[in-house]
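To start, the structure itself, in structure tokens.
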Amino acid sequence: MTEAKPYSTFESEFRVRPDDIDMFQHVHNSKYFDYVLAARYDQMERCYGMAMEKFMERGYGWVVKTAHVDYKRALTMGDHFTVTTGIESINDKGCRVKFSITKKDTGKVCCDGWFDYTMIDMQTGRGAKVPDDVIAHYSV
């Protein structure tokens, strides 16, 4: 990704649910992906003012190309946590979104990392150029 510059970060709050727990009595690693995706969905509408549905109306979607997660400590049943995300870089091919998941009661990071998203044309399923107005809109 190119065009690295400071972008806004936003926060969403969640709570660990019973169906998030694995046989080791902590959140299953795959659920952290779900938490980040849920936070982005929330933040696209609430913070950026451009919900996923707006992309779909224009025939576009976002797919994860690459994901990197650095697990630091476990979340467990009933924990309240925040997911902080922000665009790290954006260009006409996609964007990199950095994230961290922090346990509310301790303030400690449970995991952090980044996702590379690629914009696709919903009709063809192939990569699409990110429109300039989208780049400008998300460069908050």
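The values are calculated or read from the model by the stated rules, or taken from the named source; none is laboratory data. Model, not experiment: these values are computed from the prediction. Cβ placement follows ideal geometry from the backbone for every residue including glycine, while neighbour counts extend to all protein chains displayed. SASA here: full protein model, heavy atoms, side chains in, ligands and nucleic acids out. Shrake-Rupley method; radii C 1.70, N 1.55, O 1.52, S 1.80 Å.
Filtered by the rule that a residue be touching a Ser or Thr at 6+ places or on another chain (Cβ under 9 Å), in a strand (DSSP E or B) and surrounded by fewer than 18 Cβ atoms within 10 Å (Cβ to Cβ), the stretch 31-65 gives VAL63, VAL64, LYS65.
When the residues of the stretch 92-111 are filtered to those that are of a type in the set (A, V, I, L, M) and more than 14 Å from LYS31 (Cα to Cα), which remaining residue is most open to solvent (accessible area, probe 1.4 Å)? Don't jump to the end; show me each part of the working.
Taking the stretch 92-111 as the starting set, the residues that turn out to be of a type in the set (A, V, I, L, M) are 97, 101, 109.
Next, from what is left, pick out any that are more than 14 Å from LYS31 (Cα to Cα): 97, 109.
Working: VAL97: 2, VAL109: 46 Å².
This residue is VAL109.
Looking at THR85, THR76, which is the one that is in a loop (DSSP other than H, G, I, E, B) and modelled with pLDDT of 95 or more? Reasoning before the result, please.
On the way: THR85 fails: in a loop (DSSP other than H, G, I, E, B).
So the residue among THR85, THR76 that is in a loop (DSSP other than H, G, I, E, B) and modelled with pLDDT of 95 or more is THR76.
Condition (residue is part of a helix (DSSP H, G or I), in contact (Cβ under 8 Å) with a residue 40 or more places away in the chain and within 17 Å of ILE135 (Cβ to Cβ)) applied to the stretch 13-21: is it met by at least one residue? No, the stretch 13-21 contains no residue that is part of a helix (DSSP H, G or I), in contact (Cβ under 8 Å) with a residue 40 or more places away in the chain and within 17 Å of ILE135 (Cβ to Cβ). Within the stretch 78-91, the residues that satisfy the criterion of being open to solvent by 10 Å² or more (accessible area, probe 1.4 Å) and in contact with an Asp or Glu (Cβ under 8 Å, 6 or more places away or on another chain) are ASP79, HIS80, THR82, THR84, ASN91. Can you confirm whether VAL63 is of a type in the set (Val, Ile, Thr) and under 16 Å from the mean Cα position of the chain (by Cα)? The answer is yes for VAL63.
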